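Structure first, commentary second.
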Amino acid sequence: MNEFELSDHARFQMKERNIQPSWLTETLSNPDQILLLADSHGNTHYLKQIPEFGHRWLRVVVNPNIFPNRVITLFFDRRLK
């Protein structure tokens, strides 16, 4: 797995949204989908369906332009089914 660090915002969102650290690790190391340059900031989005959370999709937004890559935010994406 690449090197990743969590932003303060991402740490807060994990607690606020009850996202398990293992789900984050699994999404980054074994994503179902990777979207390069997925937004206007050039971030990479990692997507993983989480069976333990009703098969909802976890979206992890990563800034790939710094090292270690920084997890900006993460959330369960209601737009994906």
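The values are calculated or read from the model by the stated rules, or taken from the named source; none is laboratory data. The structure displayed is predicted, hence computed values, not measured ones. Ideal geometry is used to build each Cβ from the backbone, glycine not excepted, and the neighbour counts take in all protein chains shown.
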How many residues does the stretch 32-72 contain that are part of a loop (DSSP other than H, G, I, E, B) and either crowded, with 18+ Cβ neighbours inside 10 Å or of a type in the set (G, A, S) (or both)? 5
Under 7 Å by Cβ, and 6 or more places apart or on different chains, what pairs join a residue from the stretch 7-27 that is without any contact (Cβ under 8 Å) to a residue 60 or more places away in the chain and closer than 20 Å to I66 by Cβ with one that is of a type in the set (V, I, T) and surrounded by 13 or more Cβ atoms within 10 Å (Cβ to Cβ)? L24/V60; T27/V60
So is T27 polar (S, T, N, Q), surrounded by 13 or more Cβ atoms within 10 Å (Cβ to Cβ) and part of a helix (DSSP H, G or I) or not? yes
Listed residues F75, F12; which is at pLDDT 95 or above, among the aromatic types (F, W, Y) and assigned to a helix (DSSP H, G or I)? F12
